[in-house]
Amino acid sequence: MRRLRVLLWVIGSVQIVLGLLYLFAPLSFLALLGYSTPEADIAYPLGMLAARFLAYGAGMFFIARAPEKHTFWINNMIFIQAVDLAVGVFYTATGVVGLALSAFPMFNATMFIILLWLWRPKEVTAVSLKNS
């Protein structure tokens, strides 16, 4: 369970860092990564996106204290990472984003999906309780 807790802390930290960057320096952050810089008004929805990164980051820290009680949220993060990966694959495959921009985020998403899936707590069912 310790390795899952560490993983949840790592994921939470990544979410917090992304949230802070999208909140306080969204356009500069995108330019630093190599994306084309959008119009300044896009900072508004990026700021709203930042709230979700920050909330999920804090949530991962909370979940890490007792992962066995929060399998829904762990599975939800697997879903988020799967969507991230699918979007990366789609936009890379269609040539919208180059592999230089998408490889690292897609690698992270893949790694997080696999490790969360393998290390997530197994849900306790009434049948398994009866058999123990």
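Given (1) farther than 19 Å from Leu101 by Cβ; (2) under 18 Å from the mean Cα position of the chain (by Cα), where does Tyr22 come up short, assuming only one miss?
It fails just one condition, (1).
Tyr35 passes all but one of (1) closer than 20 Å to Glu123 by Cβ; (2) of a type in the set (Ser, Thr, Tyr); (3) touching a residue at least 60 places away in the same chain (Cβ under 8 Å); which number fails?
(1)
Checking Gly88 against (1) over 22 Å from Arg5 (Cα atoms); (2) out of contact with any Ser or Thr (no Cβ under 8 Å at 6 or more places or on another chain); (3) modelled with pLDDT of 95 or more; (4) not basic (Lys, Arg), only one condition comes out false. Which one?
(2)
The values are calculated or read from the model by the stated rules, or taken from the named source; none is laboratory data. Owing to the predicted nature of the structure, the values given are computational and were not obtained by experimental measurement. Cβ sites come from the backbone with ideal geometry, for glycine too, and all protein chains shown count toward neighbours.
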